[in-house]
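The values are calculated or read from the model by the stated rules, or taken from the named source; none is laboratory data. A quick note: this is a predicted structure, and the numbers were derived from the prediction, not measured. Quick reminder, even Gly has a Cβ in these numbers, built from the backbone with ideal geometry, and neighbours come from all protein chains shown.
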Amino acid sequence: IEAAKADTERPSFITVHTQIGYGCPAKQGKASAHGEPLGEENLQAAKENLGWTSEPFTVSDEVYADYAAKAAKGQEAEDQWNAMFAEWREKFPAAAALHDKFYDKDAVKAVLKDESFWAPAEKPTASRALSGNIINKLKDIVPSLMGGSADLAPSNKTEMKDEEFFSKESRSGRNMHFGVRELAMGAIGNGMALHGGVTAYVATFFVFSDYIKPMMRLAALMKLPVTYVLTHDSIGVGEDGPTHEPIEQLAMLRSLPNMQVFRPADAVETAAGWYTALADTDSPTALVLTRQNLDIVPSSREGALKGGYVIADAAKEVPDGIIIATGSEVGISIAAKEILAQEGKDVRVVSMPCMELFEQQSDEYKEQVLPKAVRARVAVEAGSDFGWGRYIGLDGAAVCMKGFGASAPAATLFKKFGFTKENVADTMRGLLQ
């Protein structure tokens, strides 16, 4: 190790030769040492072979003494560090204040009173672009924000303007070039979150979340608040074709415990997604964002922060039916409601940007949004219908993808696969007959 450190011009590779089950004569070097319990006889043989004479479930005085010496040495080092840190805080109060802000987990709460953060879009805009605008607002509010993309920053809209890229020459850079290596990027994001002092986000196309999945699973398991910016979220990717059009990925991520999956319908819901991601310190969050422009919809900050809410209500206290949609399909669903209204059919539209947040709400709130008495329900989402059963039940229907996409402009594909106001209205009409 010392020789490797001494060579500052080349990388070093150190091979460590090990043998599985070392010390157990009957199992050493065999796969069974890993896949099966040793058993009492083999365990006793291994202890004798290794010179271990203590009784089971006991720790010898020698081991206690060794650990006590290590603890004393560690305490001395910690005391020295704490004294140095206290002296540093006194000498450099401005830097100390910035340090505290880096570690302030509540810093993002300042945006709750910042109306500009929650401003609706002035024209139809893709949620990836809306997210990019929000990142550049957040960078001045949350100085610890740091992240980047797997070589897709211009497409993911994840670059912080007027900030350098982190490198050997620029250790203060807040943007990161992760390279085309989503799995490693996810691992690096986890490491940043575990280290602390930085608020990590990583980004790629949504279909490539398959590559990050093992690291996302670990982040969820370890309760690491990493944010995943996943753009090009559906068949709306268009000409890139079915290899780049995510179908099953929403269901995959929603099935992951302790993962928040946020698919916003407009600027306000995108802001809610980012706020949720940075305010929750115990869960990773996936922000699933469009390439195509989104309709202007009557969204609600308070509703979006609850994961699901009534975005366009029926005139009746108990609606004839309910359309539940996410992302780019919310605007289509509201337009379908208007078609049905002309026929005397009074339906409610629910925007469901985050199922996980909605499930955290009270039973009373969930009943207000999705009353059990209304059985005619249609889910509308340009992805797999897997997982929508809990909301549409046995009597409902889903306007979702049944197979892979195709290569064509987004508008052509949405029409081909039924993501139109006419088809959504027709699907609800079928339930109300």
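Residues are listed down the side, and each one gets a yes or a no for (1) part of a loop (DSSP other than H, G, I, E, B); (2) out of contact with any strand residue (DSSP E or B) (no Cβ under 6 Å at 6 or more places or on another chain); (3) in contact (Cβ under 8 Å) with a residue 12 or more places away in the chain; (4) of a type in the set (Asp, Glu):
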position: Glu40; (1), (2), (3), (4): no, yes, no, yes
position: Lys47; (1), (2), (3), (4): no, yes, no, no
position: Ser54; (1), (2), (3), (4): yes, yes, no, no
position: Asp66; (1), (2), (3), (4): no, yes, no, yes
position: Ala77; (1), (2), (3), (4): no, yes, no, no
position: Asn82; (1), (2), (3), (4): no, yes, no, no
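Is it the case, given these coordinates, that Thr270 is of a type outside the set (A, V, I, L, M) and under 23 Å from Pro225 (Cβ atoms)? Criteria met by Thr270.
Cβ-Cβ contacts under 7 Å between residues 6 or more apart (or on different chains), taken from a first residue in the stretch 308-329 that is free of Cβ contacts under 8 Å to residues at least 60 places away in the same chain and not assigned by TED's automatic domain parsing to the domain that holds Cys400 to a second residue that is assigned to a loop (DSSP other than H, G, I, E, B) and of a type in the set (Ser, Thr, Tyr), are absent. Checking the structure you have, find out if any residue of the stretch 236-252 is closer than 18 Å to Gly308 by Cα and not hydroxyl-bearing (Ser, Thr, Tyr). Yes: the stretch 236-252 contains one or more residues that are closer than 18 Å to Gly308 by Cα and not hydroxyl-bearing (Ser, Thr, Tyr).
One residue is enough: does the stretch 345-353 have a residue meeting the conditions within 19 Å of Glu248 (Cα to Cα) and either among the β-branched types (Val, Ile, Thr) or in contact with a Phe, Trp or Tyr (Cβ under 8 Å, 6 or more places away or on another chain) (or both)? Yes: one or more hits. Looking at the stretch 115-128 only, could you name the residues that are touching a residue at least 12 places away in the same chain (Cβ under 8 Å) and either surrounded by 12 or more Cβ atoms within 10 Å (Cβ to Cβ) or part of a loop (DSSP other than H, G, I, E, B) (or both)? Passing the criteria: Phe117, Trp118, Ala119, Pro120, Ala121, Lys123, Pro124, Thr125, Ala126, Ser127, Arg128.
Name the residues in the stretch 307-337 that are in a helix (DSSP H, G or I) and acidic (Asp, Glu), would you? Listed by number, the list holds a single entry, Glu329. Step by step: first the residues of the stretch 155-199, then only those that are of a type in the set (Ser, Thr, Tyr) and without any contact (Cβ under 8 Å) to a residue 12 or more places away in the chain, then the one that is nearest to Asp240 (Cα to Cα). Which residue is that? Applying the filter and picking the extreme gives Ser167. One residue alone among Val297, Val226, Val202 is closer than 27 Å to Phe117 by Cα, at pLDDT 95 or above, over 17 Å from the mean Cα position of the chain (by Cα) and not basic (Lys, Arg), and that residue is Val297. Residues that are buried (at least 24 other Cβ atoms within 10 Å of the Cβ), in contact with a Pro (Cβ under 8 Å, 6 or more places away or on another chain) and of a type outside the set (A, V, I, L, M) within the stretch 244-266 comprise Gln260, Phe262, Arg263, Pro264, Asp266, listed in sequence order. Residue count for the stretch 158-203, restricted to those that are among the polar types (S, T, N, Q) and outside any loop (DSSP other than H, G, I, E, B): 3. Collect the residues in the stretch 279-291 that are buried (at least 24 other Cβ atoms within 10 Å of the Cβ) and farther than 17 Å from Gln360 by Cβ, keeping them in residue-number order. Residues satisfying the conditions are Leu287, Val288, Leu289, Thr290.
When Lys109 is tested against the conditions (1) modelled with pLDDT under 95; (2) over 28 Å from the mean Cα position of the chain (by Cα), the lone failure is (2).
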